[in-house]
1. Here are the criteria: (1) buried (at least 22 other Cβ atoms within 10 Å of the Cβ); (2) of a type in the set (Phe, Trp, Tyr); (3) under 30 Å from residue 248 (Cα atoms). Tell me which single one residue 293 does not satisfy.
2. Name the single residue, out of those in segment 96-112 being assigned to a helix (DSSP H, G or I) and over 22 Å from the mean Cα position of the chain (by Cα), that is surrounded by the most Cβ atoms within 10 Å (Cβ to Cβ).
3. Does residue 226 count as among the small types (Gly, Ala, Ser) and at pLDDT below 95?
4. Assuming residue 335 fulfils every condition listed in (1) in contact with a helix residue (DSSP H, G or I) (Cβ under 6 Å, 6 or more places away or on another chain); (2) part of a helix (DSSP H, G or I); (3) of a type in the set (A, V, I, L, M); (4) under 28 Å from residue 181 (Cβ atoms) apart from one, which condition is it?
5. Where in segment 1-95 are the helices (runs of 4 or more DSSP H), entirely inside, with at least 3 residues that are at pLDDT 85 or above and over 29 Å from residue 281 (Cβ atoms)?
6. Kindly list, by first and then second residue, each pair from a residue in segment 111-137 that is of a type in the set (Ser, Thr, Tyr) to a residue that is outside any helix (DSSP H, G or I), limited to pairs with Cβ atoms under 6 Å and residues at least 6 apart or on different chains.
7. Determine which member of the set 178, 237, 232 is surrounded by 15 or more Cβ atoms within 10 Å (Cβ to Cβ), more than 27 Å from residue 386 (Cβ to Cβ) and in contact (Cβ under 8 Å) with a residue 12 or more places away in the chain.
8. If we keep just the residues of segment 283-332 that are outside any helix (DSSP H, G or I) and in contact (Cβ under 8 Å) with a residue 24 or more places away in the chain, which is farthest from residue 64 (Cα to Cα)?
Amino acid sequence: MGKAKNAENDSTKVYANEAAMDIEVLDTAHQISSDSWFQVAFVLTTGVNSAYVLGYAGSIMVPLGWVGGVVGLLLATAISLYANGLIAKLHEHGGTRHIRYRDLAGYIYGKRAYSLTWALQYVNLFMINTGYIILAGSALKAFYALFRDDDQMKLPHFIAIAGVACGMFAICIPHLSALGIWLGVSTVFSTTYSIIAIVLSIKDGIRSPARDYSMPGDDDTSKVFSTIGSAASLVFAFNTGMVPEIQATIRKPVVKNMMLALYFQFTVGLVPFFAVVFAGYWAYGSSTGAYLFNNVTGPIWVKGLANISAFLQAVIALHIFASPMYEYLDTKFEIKGSSLNIKNLLFRIGVRGGYLTFNTFVAALLPFLGDFMSLTGAISTLPLTFILANHMYLVAKGDKLASSQKLWHWFNIVFFSIASLAATVAAIRLIVVDSRTYHVFADI
């Protein structure tokens, strides 16, 4: 009895019925079941209000317009909350706590699904991490351009600096739960650049003449593919493909607490998101760029503060989406104990530093990485968040669901499968078009 009690209190223990699936479920080297739902809510909100939000007025609203953009964002909010809730409710399916997405898929489907899910998730998170390094580098470049009007420093140089900063942060923070106070710091940074973006956009919008809100594009074909790509960005804005990994850090009752965190994320947490996106598009219309602070006008010191805040927040946010890879590596090589242990410290320097070095290289190499991120979203984010979530819930609940509920889940599976296919085609077309314009290591 004493041994069982100790196991129950072990913050890294994973409970799994390995006989139910043809894979080994490893105890995690990271801390689990330690965080309040409020801290987890801030983890989720940090991701959704990251520096990515500064690009959505251009990448979502411009191609979709007022009606398509507003309706699309509201629908994406509701659908994303529903899909993430399905995954959260399966966290303890079969009396087993599934702290990794691949563990849940493996439990329900078997070994092949475990491997496929891990591959899709890895690609998805790798591209998100690489995108954060580009965002951080772009924010640094924008800050530099406020004070220096020369070509001494190119975007790849700023990306390299951002990569070093992300690596140093990854070495210092051992696991997701250890973010702690940094979530508050991140909130300060995101609040800073959000308020500045909203205020300066409204100021410019009041002073500027009537804006053009028409959908850009040389022909109808271009507009159609742009619309499809933007529709894919709608779901990419709210979803991570790592709900089980985040839920693993929450205290019991894990399902109830995770649902509270999700409700916070998709209500209060989205207020600054919508304010930045709508204010930016209202102020600049179809001329809104991929980085909102390249459009706004205002005092140099204010724009400088906003860009530095965006840079620092991107460094913190990247750590959230890199945590599944860190957990995998730390668990595989049994990196446990004090984070200041010399062995553990050297491991993080070598392994995490190497991982982020590769991220940084890819970020600098491909100037139009956003196209590849659209492709990644189509082939991984959509399947993980919507197709797989609905099908896993359908399989897990089985006969407990009414016929109407089963029909609803099948409708979602078919609909998002078609959407994933369409988004894949649109992303490939965009990559082909942009590959004719840009070269590697370009300064854009």
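The values are calculated or read from the model by the stated rules, or taken from the named source; none is laboratory data. Remember, predicted model here, so these are calculated numbers, not experimental data. Glycine also receives a Cβ, built like all others from the backbone with ideal geometry; neighbour counts cover every protein chain displayed.
1. Checking residue 293 against (1) buried (at least 22 other Cβ atoms within 10 Å of the Cβ); (2) of a type in the set (Phe, Trp, Tyr); (3) under 30 Å from residue 248 (Cα atoms), the one that fails is (3).
2. Initially, segment 96-112 is screened for residues assigned to a helix (DSSP H, G or I), giving 101-109, 111-112.
Going one step further and asking which of them are over 22 Å from the mean Cα position of the chain (by Cα), we end up with 106-109, 111-112.
Numbers: 106: 26, 107: 24, 108: 21, 109: 17, 111: 12, 112: 12.
If we take residues in segment 96-112 being assigned to a helix (DSSP H, G or I) and over 22 Å from the mean Cα position of the chain (by Cα), then 106 is surrounded by the most Cβ atoms within 10 Å (Cβ to Cβ).
3. yes
4. With respect to (1) in contact with a helix residue (DSSP H, G or I) (Cβ under 6 Å, 6 or more places away or on another chain); (2) part of a helix (DSSP H, G or I); (3) of a type in the set (A, V, I, L, M); (4) under 28 Å from residue 181 (Cβ atoms), residue 335 is out only on (2).
5. Details: elements: 2-8, 37-48, 62-89.
In segment 1-95, 37-48, 62-89 are the helices (runs of 4 or more DSSP H) which contain 3 or more residues that are at pLDDT 85 or above and over 29 Å from residue 281 (Cβ atoms).
6. 114/23
7. On the way: 237 fails: more than 27 Å from residue 386 (Cβ to Cβ); 232 fails: more than 27 Å from residue 386 (Cβ to Cβ).
Criteria check complete, one pass: 178.
8. Taking segment 283-332 first, the residues outside any helix (DSSP H, G or I) are 288-291, 295-299.
If we keep only those that are in contact (Cβ under 8 Å) with a residue 24 or more places away in the chain too, we end up with 288-291, 295-298.
On the way: 288: 13, 289: 14, 290: 15, 291: 17, 295: 19, 296: 21, 297: 25, 298: 28 Å.
Among those residues, the one meeting the criterion is 298.
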